[in-house]
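Here's the structure we're looking at; comments come further down.
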Amino acid sequence: MRLRNRGYYITSVEEIEIGGGGLRERLHQFQKVNLKDLSFFCRQFATMIDSGLTLVRSLNILAGQASKHKLREAINSVRENVEGGMALSEALAEEDQIFPQHFISMMEAGEVGGVLDETLNEMADHFERENELNQKITSALAYPVVIMLVAMGVVAFLVGVVLPTFVDMFAGMDVDLPLPTRILMMLTGFITNYWYLILLVAVAGVFALYRYYQSEDGRRRIDALLLKTPLLGDLLLKISVTRFSKTLSILISSGVTILESFEVVAKIMTNRVVAERIMEAR
């Protein structure tokens with residue numbers, strides 16, 4: 001009313017962030033899109049389609065609701081491609097860095113069968129179960145990792161603080177020490193005097209192992225070795241079988257052919273040896 005009395009008329013309204021919005025937006029650019037975000041996206045998308053909203057309208061609303069910058073950009077890109085006449089599955093395939101391959105295949109099957117809302121709900125359930133599985137894996141590995149870190153800390157304290165005291169004490173004594181004790185004293189002295197070289201070699205070794213794992217042959221060899229590792233190998237195999245079964249089930253139930261389903265499932269396997277075995281079965 002006050003603006004109207006002064007002769008002004010509102011032609012458009014735009015929301016702006018006040019105080020810290022720029023920093024929050026920059027931080028969101030580095031946030032990774034996780035399974036929980038994808039599950040929420042699928043659930044909301046299914047609800048909107050079931051309510052009769054068009055794909056473009058639904059994607060526009062979802063982009064506004066997305067809390068992650070990367071997800072919002074991907075949804076906007078999909079919306080623009082759909083507006084340009086591209087099929088939804090093809091538009092999603094353009095953003096395969098955000099949307100997994102099996103999700104794209106499911107969307108294609110849902111479009112062909114005319115059950116896109118049901119397919120989205122199934123994918124929402126699938127991402128929720130996958131997220132729960134990842135949380136269980138993290139919880140199962142948390143305890144041994146903490147124990148290992150504590151053990152490494154205790155060993156470092158003994159070698160860096162306790163043992164040098166005994167080395168100085170024995171050095172002042174004119175006694176003939178046993179061979180294991182002399183070896184331990186030499187090892188303690190080397191670690192105390194050249195710890196920076198040990199740290200440098202360790203960092204270089206980790207970096208070299210990482211680069212080797214990035215190669216095709218290196219990843220296959222390391223994945224094969226992990227599967228043969230006691231306890232850990234059995235856990236990794238069970239995780240792979242669980243993901244294989246659940247993903248294959250949801251793909252087949254949505255109308256994706258068995259050959260295409262095997263190919264999609266092989267692509268989402270993190271272990272290269274397991275993926276090769278699936279392709280052999282295909």
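The values are calculated or read from the model by the stated rules, or taken from the named source; none is laboratory data. Please read all numbers here as calculations on a predicted model, not as lab measurements. Here Cβ is always computed from backbone atoms with ideal geometry, including for glycine, and neighbour counts include all displayed protein chains.
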Residue among Ile191, Ile268 that is touching a Pro at 6+ places or on another chain (Cβ under 8 Å) and modelled with pLDDT under 90:
Ile268
Does Asp217 satisfy being within 30 Å of Met269 (Cα to Cα), in contact (Cβ under 8 Å) with a residue 40 or more places away in the chain and of a type in the set (Asp, Glu)?
no
Tell me, which helices (runs of 4 or more DSSP H) lie completely within the range 59-170 with 3 or more residues that are under 30 Å from Leu237 (Cα atoms)?
101-113, 116-157
Unique residue being modelled with pLDDT of 90 or more, β-branched (Val, Ile, Thr) and surrounded by 11 or more Cβ atoms within 10 Å (Cβ to Cβ) when the list is Ile198, Ile222:
Ile222
Could you tell me whether the range 203-218 includes any residue that is farther than 24 Å from Ser139 by Cα and of a type in the set (Lys, Arg)?
yes
Say we look at the range 237-266 and pick out the residues that are touching a residue at least 12 places away in the same chain (Cβ under 8 Å) and of a type in the set (Ser, Thr, Tyr); which of these is farthest from Leu120 (Cα to Cα)?
Ser240
